[in-house]
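What follows is a single structure, written as structure tokens, with notes after it.
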Amino acid sequence: MEFFLQLLIQGLSVGFLYAIAALGFVMIFKSSSVLNFAHGDLLAMGAFFFLVLSLWLKLPIPIAFLFTLAGSFAMGFVIERLFLRPLIGEALIMVIMLTVGLAAMFKGLMLFIFGGNVFNYPEFLPKGLAIQWGAINISPVYVASFIIGIIFLSIFGFFFKYSSQGIYMRSVADNQPAALSLGVHVRRVFALSWAIAALVCAISGVILGIMTGINVHDISAMGLKVFPVVILGGLESIGGAIIGGLIIGLLETFTGGYISTALKEVVPYIVLVFILLVKPYGLFGLVEIERV
Amino acid sequence: MRKLKLHPCGKFNERYEEELTIFSTDFGRLWMWVGLFLLFVVIPFICKPYFLYIINHIGMAAIAAIGLNILIGYTGQISLGHGAFFGVGAYAAAILATAVGFPFWLSILCAGFITALVGMLFGIPSVRLKHLYLTIATLAGQFILQYLFVQWDTLTKGPEGILLPRATLFGVDVKGDRSFFYVIFVCFVVMTWIAVNLIRTRYGRAFIAIRDNDRAAEGMGIPIFRYKLLSFAISSFYAGFAGGLSAYYIGSITPEPYTLMLSIEFIAMIIIGGLGSIPGSVFGAIFITLLNEVLTHATGFLMNINALTKVAITIAPLREFVFGLAIVLFIIFEPRGLAEVWRIVKSSFKLWPFSY
């Protein structure tokens, strides 16, 4: 029973991580219909940024965190300006291939600078955060992931619903020409969506780094796991991304715990294929109906 | 002998057949014969074995790239699973050769057909899915197949891999770079001929219609599900065939090379070469294979300079970086690829001195 509850907690916190990462993905997709294959590398860049700031430059942790957030925000702007702006009219496959190329580029760059080793952050989460409940040990990082996950997801929920920039983004995602004709600054929305996506990736990457250690290959592989999450939840739905993330996190952890650890890596993809066959638009996605 | 038409003054097609020909003038046909002569008579004898090794790899990659171009460039279905299908072909050929004892040519052909079946299996989601969802489905397929390569060890012997027997064709031992050169490039010529002619038939036109607007294609009466499956099958056949050839060439296969990186390499080949053009796939295959070789050599070269050894070891991941950079730069600056560059060069020669 304890094992089950332990796995449950672990699955939920990993699921929150996936949900936060998927949030960025859905945001980019909603505003510009681009499947971002470089998502894993955005995660890794956030994690490494924090590593450089906290370990090598020895900045105090909150400052390092803030700088990481600011830095990834800026990096999202830069990526959008440099690489995606020239491709605005092109076919979608070109943009997707561009993100694939960007993924390879970033991965190579990070491997070049940091090598394939596993790094570890200095211990900075307060030990008092660990919860002990009977025989169940919840380590501080899971609690932190819960808390940060809930905070950021609610922030973004409010942002999209009530702030003007959020409403602009939703309008561009809904109908780009209409938004243009109403005076929404579409290019700014694109840039902002990439910047926010890079920001959430940084957060997710940092927490992931605390959980499993920072290694370029592992974190980039995590980025590809975002795909089952968003497909399960629906490519256009932010709430769906959250629920999809939790489900996939739970599924993965339980498979790892009860069946085998090798199967753990591939189970999200099997679920993905299954969902695509049964309900391709996910739980909350918009169904495209075509009549010929 | 009929009169050779070398320099036309314009396009005056009087019959439908003239519109459909592959070479619009005899100039192209002459160069084709020259090219075949060079390929089969001159190159094997003047090149060092290492160059033949590279050229063999280019040949096998080109066959797979042509298959992928049929799927992505002509039918518009983006597939990220091509590397895994290449691996399926390699494993199928290996298993047929070792466990069942098929001869060389039969095991490669059957590997192609088995891969076509697997490809059709992964194409089945395409009936309900559009572009993005199909891409993700093929990505999942890549990972699942990779997992199966390693875990299904009763069939594939897991991470140890399979050792293939010597290839024999018509009783002659095919070993060494030069004999494989002939085998590979005969296959390459045949497969290219099939692909080019496929595009001219109604299947090719159906593929292009599906790429351009599949709702309109369905409305015109093309059963798009059947043709999408056919496209998957054909491109997987090419990948499996090339995989089988590479299995025999390398001699022993392990699950390592058939990763997402290989799929991305194939996609890079056709994007850099030019989507929707057969010569483009060949150009792309040449470019990417040479890029890999240049990077490996640069790393090796720098390793030998003792002062820079440490730098060289860290340069190895730069291969991935340069790769990604090549894709990104080509997409931003020349999205139609090397085929477009070739076309512009050709037409500027033809139109000289009006080459602007």
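For the peptides B:329-335, B:114-120, the ranking by mean Cβ contacts within 10 Å, running from highest to lowest, is B:114-120, B:329-335.
Here's how it looks for residue B:174: its modeled amide H is under 5 Å from those of B:167, B:168, B:169, which are all 5 or more places away or on a different chain.
3J(HN,Hα) couplings calculated from phi for the stretch B:327-338 with the Karplus curve 6.51 cos²θ - 1.76 cosθ + 1.60 (θ = phi - 60°) are, in sequence order, 4, 4, 5, 5, 5, 6, 9, 9, x, 8, x, 5 Hz; Gly and Pro show x. Of all the options A:222, A:45, A:94, the one that moves most in a Gaussian network model of chain A with Cα springs shorter than 10 angstrom is A:94. Residue by residue along A:258-268, Cβ atoms of other protein chains within 10 Å of the local Cβ number 2 on average. Give the range of the longest stretch in chain A that excludes all trypsin sites (Lys or Arg not before Pro) found in loop regions by DSSP and having at most 11 other beta-carbon atoms within 10 Å. In short, A:59-290. Only lysines eight or more places from residue B:3 in sequence, or on another chain, were considered; those with a Cα closer than 24 Å are B:11, B:346, B:350. The HN-Hα couplings worked out from phi for the stretch B:281-294 by the Karplus form 6.51 cos²θ - 1.76 cosθ + 1.60 (θ = phi - 60°) are 4, 5, 4, x, 4, 4, 4, 5, 5, 5, 4, 4, 5, 4 Hz, whole numbers, x standing for Gly and Pro. Out of every Cα-Cα pair that the stretch A:25-130 contains, those further apart than 23 angstrom amount to 38 percent. Placing dummy labels 7 Å off each Cα toward the beta-carbon, the span from residue A:221 to residue A:58 is 3.5 nm.
With a 10 Å cut-off between alpha carbons and a GNM built on chain A, which of A:38, A:197, A:74 moves the most? Evaluated over chain A, the most mobile residue of the options is A:74. With a Förster radius of 35 Å applied to the beta-carbon distance between residue B:25 and residue A:70, the computed FRET efficiency rounds to 0.05. Extending 7 Å from the Cα toward the beta-carbon at both residue B:51 and residue B:16 defines two label points whose distance is 4.7 nm. Legend: ranking of residues A:142, A:281, B:238 from fewest to most surrounding C-beta atoms inside 10 Å; resulting order A:281, A:142, B:238.
Rounded to whole numbers, the Karplus 3J(HN,Hα) couplings from phi for the stretch B:266-280 are 5, 5, 4, 4, 7, 6, 5, x, x, 6, x, 8, 5, x, x Hz, using 6.51 cos²θ - 1.76 cosθ + 1.60 with θ = phi - 60°, and x at Gly and Pro.
The mean of 1/r over all pairs of different alpha-carbon atoms in chain A, once inverted, gives a Kirkwood hydrodynamic radius of 19.5 Å.
Just checking the listed ones, B:50, B:91, B:133: in the Gaussian network model of chain B with Cα springs under 10 Å, the one fluctuating most is B:50. Between helix A:92-114 and chain A there is an angle of about 40 degrees, using the helix long axis and the longest principal axis of the Cα atoms. So what is the relative contact order for chain B, in percent, with contacts set as C-alpha pairs under 8 Å and at least six apart? 27 percent. When each of A:39, A:217 is scored by the number of other beta-carbon atoms lying within 10 Å, the sequence from fewest to most is A:217, A:39. The simple spin-label model puts a point 7 Å past each Cα toward its Cβ; for residue A:265 and residue A:4 those points are separated by 3.0 nm. Each principal axis of the Cα cloud of the stretch B:225-295 was taken in turn, and the coordinate range along them, longest first, works out to 39, 27, 20 Å. At a temperature of 37 °C and a viscosity of 0.692 mPa s, determine how fast the stretch B:47-351 diffuses translationally according to Stokes-Einstein, using the Kirkwood radius over alpha-carbon pairs as Rh; express D in µm²/s, rounded to the nearest whole number. It diffuses with D of about 164 µm²/s by this estimate. Take the Cα of residue B:342, step 7 Å along the line toward its Cβ, and report every residue of the stretch B:196-234 whose backbone nitrogen sits under 13 Å from that point. Within reach of a label on residue B:342: B:196. As a rough footprinting exposure proxy, the listed residues B:281, B:126, A:33 were ranked by other beta carbons within 10 Å of their own, and the order from fewest upward is A:33, B:126, B:281. Could you give the Stokes-Einstein D for the stretch B:1-112 in µm² per second, using the C-alpha Kirkwood radius, 4 °C, 1.567 mPa s? In µm²/s, the coefficient rounds to 71.
Rule-based calculations on the coordinates, nothing more; no lab input. These figures come from a predicted structure and were not determined experimentally. Backbone-built Cβ (ideal geometry, glycine too); neighbour counts: all protein chains shown.
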